[in-house]
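S.K.: Please read through the structure below; I'll follow up with questions.
Nothing in this text is a laboratory measurement; each read-out follows from the coordinates by a stated rule. Everything numeric in this text was worked out from a predicted model, so none of it was measured. So basically every Cβ, Gly included, is an ideal-geometry build from the backbone, and we count neighbours across all protein chains shown.
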Amino acid sequence: MAGTFCLRGLRPDDAGAIHAQVNDWNVIRMLSRLPFPYPRDLAERWIASTVQQAEARTAYHFAIENQAGAVIGCIGLTLSQTDGQYRGSLGYWIGREYWRQGIATLASDRLCSWAFANLPVDTIEASVAQDNVASVAVLNKLGFRQTGAATQVFTARGGNVSVLLFSASRESFDAAHESKPPADADASAEQTEEPRRLVLVVAAVLIDTNNRILLARRPEGKTLAGLWEFPGGKMEPGEAPETSLIRELREELGIDASRACLAPFTFVSHSYEKFDLLMPIYLCRQWQGHPEGREGQKLAWVEACDLDQYPMPPADIPVIPFLRDLL
Ligand SMILES: Nc1nc2c([nH]c(=O)n2[C@H]2C[C@H](O)[C@@H](COP(=O)(O)OP(=O)(O)OP(=O)(O)O)O2)c(=O)[nH]1
């Protein structure tokens, strides 16, 4: 139940629980400043710094504690002042096993409501990795509006990541509350009401004679638009993965690959907001024809060391280090 948690100040003895929850690649890759792996003593030092910041009134951080007394995430607001405008910068993470219960929406709603009522803030801002679809949905629900885009260094990902910038004024935040049911009820939209779907997709890492990898940019209008992916697509019922892949490569790129040239490489398993993705990935160094974007998608030949310059779907990120090692 999303509503059964409280926000409270952080305590030194939270370090173990925080470390256990946040030291998870799926959580940490969405947080810009945290390294992965995340050392336990960093949790201790961070908690100590939050106490000092609260005393200095420069930032307010809270543990999100569930009914059973377990810390399931953290949320905070860092304050700044420029040109006479007071701003708050919102940040949070939720432990993976507590995703999709509306907790991020409700905790952000509580913190922003408290901040607008009690702190000298005119606007609250947030920056979100472009592939953080769940957080974009949270901010939209709360009346935040996208104000721009930028790149930001994400320590765990080892480089620049495209981020979306969001902002909410007191007025837009209040207006979102007047036009919608309270976030408590609304948060249920974040929960999965339908049974989870397993989507089977098959993809290829096409490697040219210069050891470069082919990426295709997902076109506007599709889910995950603008992100660079490995060519491939959904498997059709009754189709073997290799048959699907050969068909997809022909349809999407106009090339012919034979089954013998498809070497199983790895697979990804990722939980998107609405479905679970399972995607076998094959390596392919030989094919016939010249790849071109038959469906209007842009293509790029990319060296393995440059893959992080191309924002990719979250499911694909764990594959990048394997490709760097291989090529
Ligand atoms: N082909 C491909 N798909 C990927 C990759 N990473 C990743 O998360 N996906 C996801 C995006 C899509 O949800 C799904 C691919 O299905 P698709 O390409 O046939 O999907 P689609 O655009 O026709 O349909 P949809 O997602 O808009 O419903 O797998 C990847 O590297 N390659």
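S.K.: Using a 10 angstrom cutoff on alpha carbons, build the Gaussian network for the chain and name the most mobile of GLY69, GLY238, GLY159.
M.R.: Fluctuation is largest for GLY238.
S.K.: Okay, moving on. For the chain, give the magnitude of the charge dipole about the Cα centre (Cβ charges: +1 Lys/Arg, -1 Asp/Glu; no others), in debye to the nearest 20. Before the final figure, lay out each step's value.
M.R.: Working: 31 positive and 40 negative charges, 52 e Å.
That gives a dipole near 240 debye.
S.K.: Got the relative contact order for the stretch 195-256 handy, in percent, Cα pairs under 8 Å and 6 or more residues apart? Could the numbers behind the result be given before it?
M.R.: Details: 74 pairs, mean separation 18.3, N = 62.
Once normalised by length, the contact order is 30 percent.
S.K.: A further question on this structure: Viscosity 0.890 mPa s, temperature 25 °C: what is the translational diffusion coefficient of the chain from Stokes-Einstein with a Kirkwood Rh over Cα pairs, rounded to a whole number of µm²/s? Before the final figure, lay out the partial values.
M.R.: On the way: Rh = 21.6 Å.
Rounded, D is 114 µm²/s.
S.K.: Find the Rg to Rh ratio for the stretch 10-168, where Rh is the Kirkwood radius over alpha-carbon pairs and Rg uses the same atoms.
M.R.: Values: Rg = 15.1 Å, Rh = 16.1 Å.
Rg/Rh: 0.94.
S.K.: Less than 12 Å Cβ to Cβ from ALA315, Lys/Arg counted +1 and Asp/Glu -1: what total charge do the surrounding residues give? Write out the running numbers ahead of the final one.
M.R.: Numbers: positive: ARG29; negative: ASP131, GLU229, ASP276, ASP316.
Around ALA315, the charge tally is -3.
S.K.: For VAL302, VAL121, what ranking results if the residue with the fewest other Cβ atoms within 10 Å of its Cβ goes first? Present the calculation step by step, with values, prior to reporting the outcome.
M.R.: On the way: VAL302 17, VAL121 22.
With the sparsest Cβ surroundings first, the list reads VAL302, VAL121.
S.K.: Give the separation of the Cα centroids, the stretch 142-181 to the stretch 233-306, in Å.
M.R.: 33
S.K.: For the stretch 197-326, what number results from the quotient of the Cα radius of gyration and 2.2 N^0.38 Å?
M.R.: On the way: Rg = 13.6 Å, N = 130, 2.2 N^0.38 = 14.0 Å.
That ratio works out to 0.97.
S.K.: For the stretch 2-104, count the residues as N, evaluate 2.2 N^0.38 Å, and divide the Cα radius of gyration by that value, please.
M.R.: That works out to 1.08 for the stretch 2-104.
S.K.: Among 42-52, 275-285, what's the highest-first ranking by average C-beta atoms within 10 angstrom per residue? Don't skip to the end; give the middle numbers.
M.R.: Values: 42-52: 16.2, 275-285: 18.7.
Most protected by this proxy first, the peptides run 275-285, 42-52.
S.K.: Helix-only estimate, please: 222 nm mean residue ellipticity of the chain, summing -39500 (n - 2.57) across DSSP H runs of length 4 or more and dividing by its residues, to the nearest 500.
M.R.: Mean residue ellipticity at 222 nm (helix-derived): -8000 deg cm²/dmol.
S.K.: Here is a follow-up. Grab the other residues whose beta carbon is less than 11 angstrom from that of LEU253, score K and R as +1, D and E as -1, and report the net. Present the calculation step by step, with values, prior to reporting the outcome.
M.R.: Working: positive: ARG250, ARG294; negative: GLU248, GLU251, GLU252, ASP256, GLU292, GLU295.
Value of the local net charge: -4.
S.K.: Another question, then. Within a Cβ distance under 11 Å of CYS74, other residues only, what is the Lys/Arg minus Asp/Glu net charge?
M.R.: Details: positive: ARG8; negative: ASP14, GLU65.
So the surrounding residues net to -1.
S.K.: Just how many pairs of Lys in the chain have C-alpha atoms closer than 29 Å, counting pairs that are eight or more places apart or on different chains?
M.R.: Step by step, the pairs that qualify in the chain add up to 11.
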